[in-house]
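Visitor: This is the structure I want to talk about, given as structure tokens.
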Amino acid sequence: MHCKSERRRALAWALYDWGNSAYATTVMAGFFPIFFKQVWAADLSAVESTFRLGLINSIAGIVIVLLAPLLGAVADTIGARKRFLLIFAALGILSTALLPLVAAGEWLAAMLLYLAASIGFSGSIAFYDSLLLFVAREEDYDRTSALGYALGYLGGGLLFAANVWMTLDPSLFGLADKGEAVRTAFYMVAAWWLFFTLPLARCVEEPKGEGSGAWTALRGGIAALRDSWNHIRQLRTVAIFLFAYWFYIDGVDTIVRMAVDYGLSLGFESTDLIVALLITQFVGFPSALLFGRLGERLGPKRGIFIGLAVYVAVVLWAYAMESVAEFYALAVVVGLVQGGIQALSRSLYGRLIPRDRSAEFFGFYNMLGKFAVVLGPLMVGSVAELSGSPRLGILSVLLLFMLGALLLSRVDVERARVVMN
């Protein structure tokens, strides 16, 4: 790929989303939880395997929460955003490629490799987000951010669809059984992720930072991180946006993570739920692009409000849902807005923060993103258990969208840009 034009550099950046989203769909959301429970942790009880899987996900999140802001500050200081992205990506790719080698019953080895892969995946995202400010002009943030999410939905969805097909008919692909199909899928994810990282490695550039040694850079990063806390407290608009984002993205992630469990609670078949997941992926591709255009026309803040209004309608509809056909319809509606909210949130935040400290500030952004899977699922589970109704549990997510919208209404974008300048 020739890298001279801004458009090609933006495409090279966005293709990383195409590549790493295969891990999110095929491994994280799709096959690892099932394979872990049925093969690697088959000797454990269902409760024990669920606990271990939840524990390793939480540990991965905590590691990123602790590392992302600090490493972001270091990356800003020495101009190493892309370098750190590639290091984390390499960790994720290698760990994913090693997963198929884990023998049945070796749940600890599977957990450790999954932990490393998840840290690599999430860690690379923080630096990937921060590079948005160096591959696009401010007026193109919305479109470029949306392109990344759109390609992520399409790329992750295409490979996931192929992997699902492999598990449904292994012999068609020359595979012995479903287990071999899943192991082959892990290899394919690693190769896919690696291949689509290469354009970013070749084409995306960033300004050079200080030529500091490792210890000097670390001390500088710690000092910059301390300054950032004070800076965020002074940049009131940034702080308000981060709290708004924390609430409403928790609602978005809760819908994603609890949808299958909710469908099962209503008596729907697991096959139908997988099909619905694929529908969301493919609807999300053009919809994210359209939301990028919407953000350019109306502004990203208004675009996010539109997405939140749709999510409120989704929750109310899910509360009253009775049939699988309605579940499919909801999958389409979620696909229409999910990527759009994510893309416009990233581009709006990019307008509010200092460009020369993008990795550091996006470290905080991604830190809150990792915290944003705590409150919502806990609310849904607790309300469902106390009330005896999964419908009331899903209805509780409305609170997150309403709080997020209320705080977002207080974000003064123009005032933030004046302060920045």
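Visitor: Can you give the accessible area per residue of the range 13-104, in Å², using a 1.4 Å probe? Provide the component values of the computation, followed by the final result.
Guide: Details: 3450 Å² over 92 residues.
Per-residue accessible area for the range 13-104 comes out at 37 Å².
Visitor: Okay, next question. With a 1.4 Å probe and all protein chains kept in place, how do W246, W165 rank by accessible area, largest first?
Guide: Numbers: W246 80, W165 140 Å².
Highest to lowest solvent-accessible surface, that is W165, W246.
Visitor: Give me the count of lysine pairs in the chain whose alpha carbons sit under 24 angstrom apart, restricted to pairs 8 or more positions apart or on different chains. It would help to have the intermediate numbers written out before the result.
Guide: Details: K4/K82; K4/K208; K37/K178; K37/K370; K82/K208; K82/K370; K301/K370.
Count of close lysine pairs: 7.
Visitor: Before anything else, pin down the relative contact order of the range 1-127: Cα pairs under 8 Å, at least 6 apart, normalised by residue count, whole percent.
Guide: Working: 104 pairs, mean separation 39.1, N = 127.
Rounded, it is 31 percent for the range 1-127.
Visitor: With the full set of protein chains in place, find how many percent of the accessible area of the range 54-169 is carbon and sulfur; take the probe as 1.4 Å.
Guide: On the way: 2800 of 3830 Å².
Of all accessible area on the range 54-169, carbon and sulfur atoms account for 73 percent.
Visitor: Next up: Dividing the alpha-carbon radius of gyration of the range 97-156 by 2.2 N^0.38 Å (N being the number of residues), what value is obtained? Provide the component values of the computation, followed by the final result.
Guide: Numbers: Rg = 16.7 Å, N = 60, 2.2 N^0.38 = 10.4 Å.
Cα Rg divided by the expected 2.2 N^0.38 Å: 1.61.
Visitor: Based on the Cβ-Cβ distance from L108 to L398, what FRET efficiency comes out when R0 is 30 Å, to the nearest 0.05?
Guide: Details: r = 40 Å, r/R0 = 1.33.
Taking R0 as 30 Å, the efficiency between L108 and L398 is 0.15.
Visitor: Looking at the chain as a GNM with Cα springs under 10 Å, which of A244, A104, A14 has the largest mean-square fluctuation?
Guide: Of A244, A104, A14, the most mobile in the Gaussian network model is A104.
Visitor: For n ≥ 4 DSSP H runs only, could you compute -39500 (n - 2.57) per run for the chain, divide by its residues and tell me the 222 nm figure to the nearest 500?
Guide: On the way: 19 runs with 334 residues, N = 421.
Using -39500 (n - 2.57) per qualifying helix, the result is -27000 deg cm²/dmol.
Visitor: Rounded to whole Å and sorted largest first, list the principal axis extents of the Cα atoms in the range 77-194.
Guide: 51, 29, 16
Visitor: Continuing with the same structure: Over the heavy atoms of K82, what accessible area does a 1.4 Å probe trace out, to the nearest 10 Å²?
Guide: Roll a 1.4 Å probe over it and K82 shows about 50 Å².
Visitor: Please label the shape of the range 248-351 as rounded, prolate or oblate, based on the square roots a ≥ b ≥ c of the eigenvalues of the alpha-carbon gyration tensor (a/c under 1.5 means rounded; beyond that, a/b larger than b/c means prolate, else oblate).
Guide: prolate
Visitor: On to the next question. Could you give the length gained on full extension between S409 and L168, defined as 0.36 nm per residue of separation minus the Cα-Cα distance, in nm?
Guide: Details: separation 241, 0.36 × 241 = 86.76 nm, distance 4.70 nm.
Stretched out fully, the S409 to L168 stretch lengthens by 82.1 nm.
Visitor: Determine, from the Cβ-Cβ distance of E138 and A201 and an R0 of 25 Å, the FRET efficiency 1/(1 + (r/R0)^6), rounded to the nearest 0.05.
Guide: Details: r = 25 Å, r/R0 = 1.00.
So, using R0 = 25 Å, E works out to roughly 0.50.
Visitor: Just read off the accessible area of E6 with the full protein assembly in place, 1.4 Å probe, to the nearest 10 Å².
Guide: 60
Visitor: How high is the relative contact order of the chain, given as a whole-number percent (alpha carbon pairs under 8 Å, six or more residues apart)? If you can, show how the numbers build up before the last one.
Guide: Numbers: 675 pairs, mean separation 112.2, N = 421.
With pairs under 8 Å counted, the relative contact order is 27 percent.
Visitor: How compact and how long is the chain, expressed as Rg and Dmax of its alpha-carbon atoms in Å?
Guide: Cα radius of gyration and Dmax of the chain are 20.9, 63 Å respectively.
The values are calculated or read from the model by the stated rules, or taken from the named source; none is laboratory data. Since the model is a prediction, treat every value here as computed from it, not as a measurement. Cβ atoms come from the backbone with ideal geometry, glycine included; neighbour counts cover every protein chain shown. When the accessible area is computed, the model is the full protein with side chains, heavy atoms only, and any ligands, DNA or RNA have been set aside. Shrake-Rupley method; radii C 1.70, N 1.55, O 1.52, S 1.80 Å.
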